[in-house]
Amino acid sequence: SQYFVTLKATRVSQFDGNRSSYTFQLSNVSFDTNFSASRFQFDPPDDAKLNESDSFDLTSYDSLSTLANATSVAVPEPVVPERYSLITADRIDGATFDAVQMRYRDGTSSIIVTKTTEQSYSNTSKGEPIRIAGESARFRSTGVQSVIVWECYGYIYTVIGDVQKETLVEVATSVACT
């Protein structure tokens, strides 16, 4: 039998010029195919409430113009540092929302720009208050990645990246309320 399980992986991150990596490796792994199906049976309590998340379809394109032709959402054209290249431009069609997302990489870091009608996508009330093109926005950092989030004309915008705050502000300002 073949099992497709990751037994060793390494992740490298860079933030503010500091590079870090971690590796995890599993050992003494055995596979028991004799599990009873009842082991994975879900028996919720009678008073449990089921939270159903919206499903969505994601379609990726290789250019902003191709994405723009495939969606009714006005696609922002972020100005990112020259060393970054567009990796994918995504259209996300949900049951109750629509979104576009652009992913950029420079080899070691990434910048992701999202525009969505999904109001629960990101909290617009937490973080350091800042202004993006005249709009109220919030900046938050986990130490590894940072995010700027703002709301404009019924859309939630986010710019996420493992780059300096100033770079995120410049990218967010170029997006504004497009």
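The values are calculated or read from the model by the stated rules, or taken from the named source; none is laboratory data. In this text, all values refer to a predicted model and were calculated from it rather than measured experimentally. Reconstructed Cβ throughout: ideal geometry from the backbone, glycine too, with neighbour counts over all protein chains shown. Side chains are part of the model used for accessible areas, which takes the heavy atoms of the whole protein and leaves out ligands, DNA and RNA. Shrake-Rupley method; radii C 1.70, N 1.55, O 1.52, S 1.80 Å.
Descriptive notes on the structure:
- Virtual spin-label span in nm between ALA133 and SER72, 7 Å along Cα→Cβ: 2.2 nm
- Amide H contacts under 5 Å for CYS152: TYR157, restricted to partners 5 or more places along the chain or on a different chain, H placed in the peptide plane at 1.01 Å from N.
- Mean sequence separation of contacting Cα pairs (under 8 Å, at least six apart), scaled by the length of the stretch 47-178, corresponds to a relative contact order of 20 percent.
- Using a Förster distance of 35 Å, the FRET efficiency for ASP93-LYS126 (Cβ separation, nearest 0.05): 0.80
- Solvent-accessible area of PHE31 with every protein chain in place, 1.4 Å probe, in Å² to the nearest 10: 100 Å²
- Three-way shape call for the stretch 14-148 based on the alpha-carbon gyration tensor, with the a/c threshold at 1.5: prolate
- Pair VAL12, SER85: separation of 7 Å Cα→Cβ label points (nm): 1.7 nm
- For the stretch 103-128 and the stretch 157-178, distance of Cα centres in Å: 8 Å
- In degrees, nearest ten, helix 165-175 long axis to first principal axis of the chain (Cα): 70 degrees
- TYR104, TYR22, TYR121, ranked by accessible area, largest first (probe 1.4 Å): TYR22, TYR121, TYR104
- Summed over qualifying helices (DSSP H, 4 residues or more, each -39500 (n - 2.57)) and divided by its residue number, the chain shows a 222 nm mean residue ellipticity of -2500 deg cm²/dmol.
- Between the beta carbons of LEU64 and GLN119, assuming R0 = 22 Å, the FRET efficiency works out to 0.35 to the nearest 0.05.
- Surface accessible to a 1.4 Å probe, LEU7 within the full protein complex, Å²: 80 Å²
- Distances between placed amide hydrogens fall under 5 Å for GLU118 paired with ASP98, ILE156, all partners being 5 or more residues away or on another chain.
- Stretching SER20 away from THR142 to a fully extended chain increases their span by 42.5 nm, per 0.36 nm per residue minus the current alpha-carbon distance.
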